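Encoded as structure tokens, the structure appears first; notes follow it.
Every number here is computed from the coordinates shown, using simple stated rules; none is lab data. This structure is a prediction, so every number in the text was calculated from the model and none was measured. Counting neighbours? That spans all protein chains shown, and the Cβs are built from the backbone with ideal geometry, glycine included.
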Amino acid sequence: MYGTGLAKGLRLTLRHFVESYIDDLRYGFRKYHHSTDNFGIRQGTQTKGVITVQYPDEKIAVPERFRFVPFLIVEDDDHPTRSGKDWCTSCGICAKVCPPQCIWIVRGNDPDTGRPVPEPEGFFIDIDICMNCGYCAEYCPFDAIKMDHDYELASYDRTSHHIHDKEKLSKPNSYWRSIAPTRAYDEMLVRGTWEHKDAAKEARRGSASSRASSPQPAAQQAASAAAAETAAVSAAVEAETVATAATAEGATPWSEDDAKREERRRKALERKAKRAARGG
Amino acid sequence: MENLAAAEQSVERLSIDDSIEYLKANHSQAIKLDDRDGYEGVIVDSDMLVDIARVIRDELGFDYLSSATAVDYLGEGDHMEMVYHAYRSSGGGALVFKAQTDREAAEIPSLVSVWRGADFQEREAWDLYGIRFPGHPNLTRILMWEGFEGHPMRKDWREAYYEEEQKPFDSRWPGGHVHRAEEKNVFGKNVSYPPDIDLNRLMDTSEEAVYQSLGLGVDIERIMDKDGFETNELVVNMGPHHPSTHGVFRMLLTVDGETVTSLEPVMGYLHRNHEKIGERNTYLHNIPFTDRLDYISSMGNNHGYVLAVEQLMSLGRKYNPPTYRCEALRVMMVELSRIVNHLWAIGFWLNDIGAFFTPVLYFIQERERILDFFEAVAGSRMMCNYMRFGGLFGDLPERIKSVSNLTNDRVRDYNTMQFLTEMINERIPRTIDELEVLLTQNEILIERSMGVGILSAEDALNFSAAGPLLRGSGVAYDIRRADPYSIYPELDFDVAVEEEGDMYARYRVRVTELRESVRILKQILPRLESTQGESIWADGKPGAYAPRVPHGESYGRVENGKGELGYYIVSAGGRGGSSNPWRYHVRAPSFINLTPLGHMSKGHKVADIVGILGSIDIVLGETDR
């Protein structure tokens, strides 16, 4: 009969309308609660009815592999020997592999010898040009540049805010481990240590000459019969994950205001300078 | 010779090599083999090109001209070349033929009289390379504006923010002191006009002047000549800022009352010279750029490009083909993006013909789940950048898991395979069922779409239409079956085809393809289970960041959601190969499928034009490149 196709279609839209209420009742409105289980129901494959997420009152946390504008990894402030040190060795691979060529690196030279030092003097990323492809992080041989998860970068003036310099790009290793625990763990397995490759090397050298300037990493290294370390590390990852879950509810490390961050960084740099003076 | 004579009656089934032999035997004066290292096909004498093309089409049966594009060999022989890829609609590989011409006063006879599908492609070659095509009915610029100086794809043409011939640029490292290109080259100073240009002509805003300067073949005098109220034809501009044109696309209509008498598509508003950028880029750099072509199905774009480069790489010694798991993952991603593409296409086509946003939102809801999956696996929802030469960005993660980072972040955590299984076995089929309930028997939809925008099978082939547009006209041509790649030969699926050639037939083709994609995905799932743990890289580790690609040419094509997506790539390096492509051409289905738009629209009402355009399914990122 003419019109039945139309009626069937209308019945479907009506069903969608009613279903959204039925689904709400079935889950007793838990769908709108914040916990992982309930949010997972609303956004999952089984849901019917309303799936909407009310941004910015709610945001969908991005998955680990999500990539948005790179940042540089520096050693944590509490690292005994390399606090605040760049992981980047300014090898330039990220700049070469960058499709829109938005990465600019100034390689530093040692003032005495004139030879290049393995630490960038300047590092710039023009985020207006960056196409978020993730090649820099993918091809970095030192795990020193990573893609961030913070996508809320809007600003009122692009000319003054959109070239990120080294200071703005630098974030501690612990931040990377908090936003991407699984990937950071996998990278650690490849690297063989939670620290930068060079840190492990230095520590080994340090313990060999028994200067014992930093007993803790030396001890860690001594226990680095591969199996033992892996076990220890996976325990650490578990602890980490718990810690992340705990911080997730409250303020995350990077929602602290910038002044505190600056303060921490300044202190770390002071310590670094002292150490350099002592060592040199 | 005897063999050839015996095969005369079955010439249409000759293999590619035998076809070339046949051409050489019968037209030896006009044909010479292309014996450059890594090249294929024949070079045809320019003067004989049209005759040879007729032989190729009529005698040898290569009735489908897939791609026609130009290459500038400046410094590599100093000539221009047109490269044609012709296929048989019954399936099989390409017969590649080329015509060469001098760089100055470049001229090659037009093939529009043989394949009308060459129309836009020759206009593009004229626009970007400055090759003239005597015999072309309307040889005007198509992507650039009429006042543009020069032909930007020529090797000696340099863009406004030119830095170096090839990436990576030396200024980035080790002395990378940052600057903005726009500050060095201020807006307004980056434009130069040709010496003989009359800006007043371009500024003249009278209707007559505007349409004459655009050279769109509108017979404005016939319209303007009539006095007063006798005039019953009208020129209407639809677009570029029109919500139904799916982006910045313009259609220039002449209408007699409500009935369309002629239609000229005008495009190029989103032109960014993707191909020039591609030739500055290294091979690897191009993968994320391909995401930006047809941004609805970026996985398919990646696939076509990596196939083309892998074809070239396989000419070299150090090349490992992708592993089975890698191929299975590729096919899965491509089929998921085909589902996304068709849901999107059907949804917005419905918007165009008046079912405003109710159905499309149901489909987008499904698309969201697929994009969530892409995001968790590839790192981005739309700009996936997932495929690499000989591998992939990464294997499936164990869990689709997010980590709270911003304030108000809500966390999700699913098992990847479970998520995928539920999506493929339950959600997507359910949505397709709903789609059919909602639409297939809907009387309004049937009234609006049946018998509208008809394209016959012969025309579809001749116009080089591709994808659902071609299959909706009764030509069962699907590259996944006709010229298979990846693991498609071992998968069980049917080619969707409808005979009517109208809007409704195209809709039916898309629905069938959705179901066939689900069928393929259901076969992929057990393959993923059985290859669990296998590496996605043949030698277990990711490919190099600056691969060198051996000398030669390749044409990689895939059946994308919108039709045949092809990449023509020339590597012109020396012995060791090159790190940047010499020529990087995209055979964009959204672009070439517009060739028959004018033909299909003739005689229909203005409101139907919107639907016909929607039923072709274009994305301007790919049309304009």
Q) How do B:124-130, B:460-466, A:12-18, A:91-97 rank on mean C-beta neighbours within 10 Å, highest first? A) B:460-466, B:124-130, A:91-97, A:12-18
**Q.** Shape call, segment B:431-476: gyration tensor on alpha carbons, a/c limit 1.5
**A.** oblate
Q: For n ≥ 4 DSSP H runs only, could you compute -39500 (n - 2.57) per run for the protein assembly as shown, divide by its residues and tell me the 222 nm figure to the nearest 500?
A: -12000 deg cm²/dmol
Q. Here are some pairs, B:Lys32/B:Lys98; B:Lys318/B:Lys541; A:Lys8/B:Lys562; which of them have Cα atoms lying more than 19 Å apart in this structure?
A. A:Lys8/B:Lys562
Q) Any idea what the alpha-carbon Rg over 2.2 N^0.38 Å comes to for the protein assembly as shown? A) 1.02
Q | Cβ-defined net charge surrounding B:Thr323, 10 Å radius [Lys, Arg +1; Asp, Glu -1] | A | -2
Q.
Largest first, please: the extent of the C-alpha atoms of segment A:1-60 along each principal axis, to the nearest Å.
A. 49, 24, 17
Q) Across peptide A:90-103, what mean number of C-beta atoms from other chains lies inside 10 Å of a residue's C-beta? A) 6
Q | Set of aspartates and glutamates with alpha-carbon distance to A:Lys48 below 14 Å, sequence-local pairs under 8 removed | A | A:Glu19, A:Asp23, A:Asp24, B:Glu366, B:Glu368, B:Glu422, B:Glu426, B:Glu434
Q: Take the Cα gyration tensor of segment B:438-587, multiply each eigenvalue by 5, square-root it, and list the three semi-axes largest first, rounded to whole angstrom.
A: 37, 23, 11
Q) For B:Leu234 and B:Val50, FRET efficiency with R0 = 51 Å and r from the beta-carbon atoms, rounded to 0.05? A) 0.85
Q: Tell me, rounded to the nearest percent, the portion of alpha carbon pairs in segment B:95-168 spaced more than 16 Å apart.
A: 55
Q) Averaged over B:392-401, how many beta carbons belonging to a partner chain fall within 10 Å of each residue's beta carbon? A) 3
Q: Kindly rank A:64-72, B:472-480 from highest to lowest mean number of other beta carbons found within 10 Å of each residue.
A: B:472-480, A:64-72
Q: Go through B:53-64, A:184-195 and give me the packing order, highest mean Cβ count within 10 Å leading.
A: B:53-64, A:184-195
Q: Kindly give Rg over Rh for segment B:321-424, based on alpha-carbon atoms, with the Kirkwood expression for the hydrodynamic radius.
A: 1.03
Q: Return the FRET efficiency for the residue pair B:Ser314, A:Tyr32: r is the Cβ-Cβ distance, R0 is 60 Å, and the value is rounded to the nearest 0.05.
A: 0.65
Q. Based on the alpha-carbon gyration tensor of segment A:5-156, what equivalent-ellipsoid semi-axes (square roots of 5 times the eigenvalues) come out, in whole Å, largest first?
A. 50, 19, 12
Q) Rounded, prolate or oblate: which one fits segment B:508-625, using the alpha carbon gyration tensor with axes a ≥ b ≥ c (rounded when a/c is under 1.5, else prolate when a/b beats b/c, else oblate)? A) oblate
Q. Per 20 Å bin from zero, what fraction in whole % of the C-alpha pairs of chain B is there, up to the bin with the longest pair?
A. 18, 52, 28, 2
Q: Calculate the radius of gyration of the Cα atoms of segment B:2-129 to one decimal place, then report Dmax, the largest Cα-Cα distance, as a whole number, both in Å.
A: 14.5, 46
Q. Considering only DSSP beta bridges whose two residues both sit in the protein assembly as shown, what percent are antiparallel, to the nearest 5?
A. 90
Q.
Students often get this wrong, so check it: of A:Lys85/A:Lys201; A:Lys96/A:Lys197; A:Lys166/B:Lys184; A:Lys146/A:Lys166; A:Lys85/A:Lys272; A:Lys166/A:Lys267, which have C-alpha atoms separated by over 20 Å?
A. A:Lys96/A:Lys197; A:Lys166/B:Lys184
